[in-house]
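See below for the structure under consideration.
Derivation of every value follows stated rules applied to the coordinates shown; laboratory data play no part. Keep in mind it's a predicted model, so treat the numbers as computed, not measured. Don't worry about glycine lacking a Cβ; one is built from the backbone with ideal geometry, like all the others, and counts go over all protein chains shown.
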Amino acid sequence: MTAHAAEPAPSVPPMPERTPTALRDAIAEHAPTLLPDFDEHWKWAIADAYSVAPVPAFMVRWWSEYAIARDPELDARVTELQHRAAESTDIAEAKALIDEVVKIRYGMRKLEPGE
């Protein structure tokens, strides 16, 4: 029996600078399926605002969305948890699954640029 070299894991791109432009550029390059929703949310929540007050909340949401989407394994895990929760007939199990998703999303908020 011969040993096969392990396939190199796909590299997860680093988090961008914590600015809307840098985040949008990273989404466009590494998670383009998110881009239409990002742009639509930007137009709705920020572009027509007369204040920069909504920008921090916008960035928190999309920072976490990108952090998950840039990592195929993590993205698949979150999707699996969400599907299992949606299909569960046990409310306690569904709640536990959603709680796990929330913990993952919340943890992504703490990532720094370059991580």
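Structure notes:
- Annotation note: Cβ proximity below 6 Å between a residue of the stretch 48-72 that is under 11 Å from P20 (Cα atoms) and a residue that is surrounded by fewer than 16 Cβ atoms within 10 Å (Cβ to Cβ) (sequence gap 6+ or interchain) occurs for F58/A45; V60/R109.
Each row is one residue, and each column tells you yes or no for (1) in contact with a His (Cβ under 8 Å, 6 or more places away or on another chain); (2) part of a helix (DSSP H, G or I); (3) crowded, with 18+ Cβ neighbours inside 10 Å.
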position: A49; (1), (2), (3): no, no, no
position: P56; (1), (2), (3): no, yes, no
position: M59; (1), (2), (3): no, yes, no
position: W62; (1), (2), (3): yes, yes, yes
position: E65; (1), (2), (3): no, yes, yes
position: A76; (1), (2), (3): no, yes, no
position: T89; (1), (2), (3): no, no, no
position: E93; (1), (2), (3): no, yes, no
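- Within the stretch 73-109, being closer than 22 Å to R24 by Cβ and in contact (Cβ under 8 Å) with a residue 24 or more places away in the chain holds for L74, V78, R105, M108, R109.
- Test for E100: is it of a type in the set (D, E) and exposed (fewer than 12 other Cβ atoms within 10 Å of the Cβ): no
- Among the candidates A94, A57, residue that is more than 19 Å from L35 (Cα to Cα), over 11 Å from the mean Cα position of the chain (by Cα) and not polar (S, T, N, Q): A94
- Check on A26, among the hydrophobic types (A, V, I, L, M, F, W, C), surrounded by 12 or more Cβ atoms within 10 Å (Cβ to Cβ) and assigned to a loop (DSSP other than H, G, I, E, B): no
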